[in-house]
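Below: the structure, in structure tokens.
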Amino acid sequence: MYRNLNIFRSYSTSWESVIGVEIHAQIKTTTKLFSNAPNSFASLPNTLVSLMDCSYPGSLPSLNTRCVSLAIKTGIALNCKVNKKSYFERKHYFFPDLPSGYQITQQSIPLLINGHLTITMPDYEKTIRIQQIKLEQDSGKTLSDIDRDLSMIDLNRAGTGLMEIVTEPDLSSSNEVAIFIKNVIGILQTVGSCDCNMDQGSLRCDVNVSVKRKGGKDGTRCEIKNLNSIKFITKAIEFEVQRQIKIIEENEIVTQETRFYDASKDITYFLRSKENFVDYKYFFEPDLLPLEISENEINSLKNRLPELPQLKRERFILQYKLNNFEANLLVEDNFYSNFFEQCLGLKRCPTKIANWIINILFRLLPNRRECTLTPFQFCFLFDLYENKKITIDQVKFVIKLIIEGNKEPIEDIVENFNSQSNYQNLNFFCEEVISNYPEQVAKFKSGNINIINFLVGKAVKK
Amino acid sequence: SLQLNQILNKIKEREVKVEEVVNETLKQIEKCKPLNCFITINDSSSLLEQAKQIDQSDDLTKKLIGIPIGIKDAYCTKNIRTTAASKMLEDFKPIYTATVVQRLIDSGSIMVGKTNMDEFSMGSTSKSSFFGPVINPWSTKSGYERVPGGSSGGSAAAVASYCSYAAIGSDTGGSVRQPAAFCGIVGFKPSYGMLSRFGLIAFASSLDTPGIFTRSVTDTTLVYDSMVGRDFNDSTSIDANENCSNSFDHLELFKSKYKKGSGLKGVKIGIPIEFNVEELSNTMRELWQYGIDLLEQEGAEIVSVSLPHTKYSLATYYIIAPAEASSNLNRYDGIKYGHKVQTKKVLTLNEFYQQSRSEGFGTEVQRRILMGNFCLSRDSFDNYYGKAQKMRMLIKQDYQRIFDSGISFILTPTTPTPPFLISKQSSNPTEEYLNDVYTVPISLAGLPAISLPIKRSFENFEGQSGLPLSLQLISRWRQENNLLNVAWCLEQNANMQQLKLEEIEF
């Protein structure tokens, strides 16, 4: 209630939110950025660590060029300019999960700059500028919740390649941020540079939020970290905007801070001040050569880009006569746009298939990211339904079985289903028997339970 | 007291057994223990076992078969203690071997031990070692010990005192050439990138270059050929083309065509005027002239050249090197390996770092880390590190210009003085840095250079005469073969009286 009142107040004084986003996307390669240790999630701690990853004396970095290719493809998909010569730099600070005492990153001259992405909101379109995309190492993990007195360090993640995608503060609402991030995810998945799994941490987002009065001067930014789902990002932004508005309206000053989001309380809280700035002592990484990309290489990567979500969405609308909403949903995840198109093989109706995916499949899946149903199975059921051989309830039932782990061939599942639990026919026969033998039914109702056998016998005969 | 190439021939001809060679070496090492050349001496029974294996095998074709070699303790050697002469890595046993060391092992050589050095390669005296100073074998008289130079002093002293036939060190600002000069042996630093740095404990990444100590130029070619070649583990490592590989064969060809008096006909040698500073002692100036005369006798044309930015070299080096070192040493935090503070007190993370590092690092290392941090700090960066990088480019261009104008080689003294006494104390800590004045500019330019012993001093220097005096030859980048040929020519003409076994008495 308090919150709603504030929104009301803020509309009346015309507050604007100014939001920028920093996305850290783990690059989907088999090995890390500067070492040949495997890049994989959920292995036993400290089993994916090479000499370089634990900063062993005498170790040296060796660039994984596939990371560069994927980053460039991502940048091209986001309309960035490729810096034909960019440099790696060292960013120094001490922390247990940073074994070298410095991170190899890019600072003054990153790989990609000056991109943009246009997002489609319900009533308008908006272009968000991408300031830069840089290549850098991920750090290890510090786990403080396993032992009360010890911090455990797991270096499996240390050295994994990251693309840091930084926007200009062009976003003005939590909704815009949500759409923007979803669009970026769509692009990253399509290009294949990141699997964008926010739960597992392969995609992480920080947001910078400030507020200002319409036509007034810029406010102070606060950075919010530790946001690992789009839902939390939107909620955190909404809370933060209100927090800052309240401070200013009470004639206080918003201090520049780094804050964390607490999902359980739906608040952001102070983590550290940004006023005591850390001097990272950047200088060019002497163990690596400058990163040089030729015009030919850039063109070759550009030509190998698959169809990007924006174009795919437009094509789905044009070619398959889908509406905006349907096209958006299907294009959001590469897996489902492919799924959809595979189902269209035998001249099946696109809008019907789209409808089935959105209204049946999506609703039955506990987690949209994990779908064990194949297009073949899906179409099998679809065709049966179109030929009136199966009901919609039966379809949902079979899909549920498969999602829950049933590995039998779908033809068998449906057959068993038909012969064992033919609800509709059974229902019909039972109703018939009941209406044909009213005396027996009356006897049953007055307490003669055994008479049911007589009725059942009659039904089975049918 | 043979040279490497001579003993190698005898081994290959089976005129001498490797077991004998190793035995002799071990005896000499035992005798020379007071010099403190080694931090770790490999177990003698395992060395003799290696020797026996070679003697029993049919195949003696490997390039350095059976040759005892010393390895600077800055190179990681699998399962053999590697300390970088620091308390920080006192008990550190690496799980892998540095590329260049592995190549030497694969060439059949026998690693006798890890040689002593300045801590983390920082210094030019080898006095800062956690394991005690190294003593120059040219000065064994008690109370008059001299420094062998640094930072690879142990390697230089080991070769000069016949404790090994060759040794490798690392040269960042002169750490191979200067100790070679002080110990009267050949010290070779190839072009930056020519030899892999993988496994070399880093001091200053853009300057560190593995280097070779031997008692003759011919020996140097044999060791160099075994080590050279691109290493994909080191991104700054470069390919060896026909100008900088197979140096032994190239030298043999040069020798076969050599006619005394015209070995250097048509070769232009540059003498940089800016290196002729007032502080240069008469001894060294005379030595320089002597070297010039020797080269002229072989038909070389001597040309005066100018390297105008020379006077900024030391300052440039002493900004860039500590800056990179401070960064490279961030990893020694007591968490993953190396020295960790032992205490029952509960420390904050910062206290843990501070105490582990303060205990693990010696004074000079701490000094350089602080210098480096200062030069990289945001307020100082532009005036220090930023300017130094620009100056470095100008220094490189000085040399480029000279070589482009037709000069093939440059000749300079290696050091401003003969080897000085260990007991000599500097009035301020940076005075020691002046020792590097002739070697540092070449490091900044990444050029190949070699230090050759020319003659023994006639005058008394700090109480001793007959000390080794050396000159430095520098060539264009990636012209190692030509450089070694000319070096051999100079070596022939100089006919240096090397340190005799009998002179090393305790």
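Structure notes:
- Residue B:297 free of Cβ contacts under 8 Å to residues at least 12 places away in the same chain and either surrounded by fewer than 16 Cβ atoms within 10 Å (Cβ to Cβ) or farther than 18 Å from residue B:434 by Cα (or both): no
- Enumeration of residues in segment B:265-289 that are out of contact with any Pro (no Cβ under 8 Å at 6 or more places or on another chain), over 15 Å from residue B:474 (Cβ atoms) and surrounded by 15 or more Cβ atoms within 10 Å (Cβ to Cβ): B:286
- Count of residues meeting criterion [closer than 26 Å to residue B:428 by Cα and of a type in the set (A, V, I, L, M, F, W, C)] in segment B:321-363: 5
Residue-wise test of (1) open to solvent by 50 Å² or more (accessible area, probe 1.4 Å); (2) within 12 Å of chain A (Cβ to nearest Cβ); (3) out of contact with any Asp or Glu (no Cβ under 8 Å at 6 or more places or on another chain); (4) under 30 Å from residue B:227 (Cβ atoms).
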{"site": "B:256", "(1), (2), (3), (4)": "yes, no, yes, yes"}
{"site": "B:314", "(1), (2), (3), (4)": "no, no, no, yes"}
{"site": "B:354", "(1), (2), (3), (4)": "yes, yes, yes, no"}
{"site": "B:362", "(1), (2), (3), (4)": "no, no, no, yes"}
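- Scanning segment B:478-503 for residues that are assigned to a loop (DSSP other than H, G, I, E, B) and either in contact with a Gly (Cβ under 6 Å, 6 or more places away or on another chain) or closer than 17 Å to residue B:250 by Cα (or both) gives B:478, B:479, B:499.
- Qualifying positions in segment A:83-94 - open to solvent by 20 Å² or more (accessible area, probe 1.4 Å) and either among the hydrophobic types (A, V, I, L, M, F, W, C) or closer than 20 Å to residue B:385 by Cβ (or both): A:87, A:91, A:93, A:94
- Qualifying positions in segment B:33-92 - at negative phi, of a type in the set (S, T, N, Q), in a loop (DSSP other than H, G, I, E, B) and open to solvent by 60 Å² or more (accessible area, probe 1.4 Å): B:61
- Taken over segment A:319-341, the criterion of being out of contact with any Ser or Thr (no Cβ under 9 Å at 6 or more places or on another chain) and either open to solvent by 50 Å² or more (accessible area, probe 1.4 Å) or not in a helix (DSSP H, G or I) (or both) is satisfied by A:319, A:325, A:332, A:333, A:335, A:338, A:341.
- Residue count for segment A:264-300, restricted to those that are open to solvent by less than 70 Å² (accessible area, probe 1.4 Å), in contact with a strand residue (DSSP E or B) (Cβ under 9 Å, 6 or more places away or on another chain), away from every other protein chain (no Cβ under 14 Å) and touching a residue at least 40 places away in the same chain (Cβ under 8 Å): 4
- Unmet criterion (only one of (1) part of a loop (DSSP other than H, G, I, E, B); (2) surrounded by 23 or more Cβ atoms within 10 Å (Cβ to Cβ)) for residue B:224: (1)
- Within segment A:345-362, residues that are surrounded by 13 or more Cβ atoms within 10 Å (Cβ to Cβ) sit with their Cβ atoms under 6 Å from residues that are part of a loop (DSSP other than H, G, I, E, B) and not charged (D, E, K, R), at 6+ positions apart or across chains, in these pairs: A:350/A:344; A:354/A:322.
- Looking only at segment A:68-98, and only at residues there that are basic (Lys, Arg) and in contact (Cβ under 8 Å) with a residue 40 or more places away in the chain, the one that is nearest to the other protein chains (Cβ to nearest Cβ): A:90
- Checking segment B:261-278 against the condition returns a match, with at least one residue being at pLDDT below 95 and β-branched (Val, Ile, Thr).
- Pairs, first farther than 17 Å from residue B:502 by Cα in segment B:1-30, second open to solvent by 60 Å² or more (accessible area, probe 1.4 Å) and among the acidic types (Asp, Glu), C-beta under 9 Å, six or more apart: B:9/B:15
- Screening segment A:137-178 for residues that are charged (D, E, K, R), in contact with a Gly (Cβ under 8 Å, 6 or more places away or on another chain) and under 22 Å from residue A:70 (Cα atoms) and picking the one that is most open to solvent (accessible area, probe 1.4 Å) gives A:157.
- Of all residues making up segment B:335-350, the number that are open to solvent by less than 70 Å² (accessible area, probe 1.4 Å) and more than 23 Å from residue A:46 (Cα to Cα): 3
- Qualifying residue in segment B:204-211 (condition: outside any loop (DSSP other than H, G, I, E, B) and within 14 Å of chain A (Cβ to nearest Cβ)): yes
- Residue among B:460, B:495, B:485 that alone is under 30 Å from residue B:259 (Cα atoms) and surrounded by fewer than 20 Cβ atoms within 10 Å (Cβ to Cβ): B:495
- Search result, residues across segment A:200-217 that are open to solvent by 30 Å² or more (accessible area, probe 1.4 Å) and closer than 25 Å to residue A:241 by Cα: A:204, A:212, A:213, A:214, A:215, A:216, A:217
- Within segment A:301-353, being of a type in the set (Ser, Thr, Tyr) and touching a strand residue (DSSP E or B) at 6+ places or on another chain (Cβ under 8 Å) holds for no residue.
- Positions within segment B:364-397 being within 30 Å of residue B:476 (Cβ to Cβ), away from chain A (no Cβ under 11 Å) and of a type in the set (A, V, I, L, M), in sequence order: B:391, B:393, B:394, B:395
- Single unsatisfied condition, residue B:416 versus (1) assigned to a loop (DSSP other than H, G, I, E, B); (2) of a type outside the set (S, T, N, Q); (3) buried (at least 20 other Cβ atoms within 10 Å of the Cβ): (3)
Results for (1) within 14 Å of chain A (Cβ to nearest Cβ); (2) under 24 Å from residue B:122 (Cα atoms); (3) without any contact (Cβ under 8 Å) to a residue 12 or more places away in the chain, shown as yes or no for each residue.
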site: B:222; (1), (2), (3): no, no, no
site: B:228; (1), (2), (3): no, no, no
site: B:232; (1), (2), (3): yes, no, yes
site: B:269; (1), (2), (3): no, no, no
site: B:275; (1), (2), (3): no, yes, no
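- Leading residue by the ranking (nearest to the other protein chains (Cβ to nearest Cβ)) among those in segment A:99-117 that are among the aliphatic types (A, V, I, L, M) and open to solvent by less than 10 Å² (accessible area, probe 1.4 Å): A:104
- Answer residue from segment B:52-87, given it is in contact with a Gly (Cβ under 6 Å, 6 or more places away or on another chain) and of a type in the set (D, E, K, R) and is nearest to the other protein chains (Cβ to nearest Cβ) among those: B:72
- The residue list B:212, B:168, B:238, B:201 contains one member that is surrounded by fewer than 24 Cβ atoms within 10 Å (Cβ to Cβ), on the phi < 0 side of the Ramachandran plot and touching a residue at least 40 places away in the same chain (Cβ under 8 Å), which is B:238.
The values are calculated or read from the model by the stated rules, or taken from the named source; none is laboratory data. What you see is a predicted model, and the numbers here were worked out from it, not measured in a lab. As a convention, Cβ positions derive from the backbone with ideal geometry for all residues, glycine included, and neighbour counts pool all protein chains shown. Remember, those area values only see protein heavy atoms, side chains included, never the ligands or the DNA or RNA. Shrake-Rupley method; radii C 1.70, N 1.55, O 1.52, S 1.80 Å.
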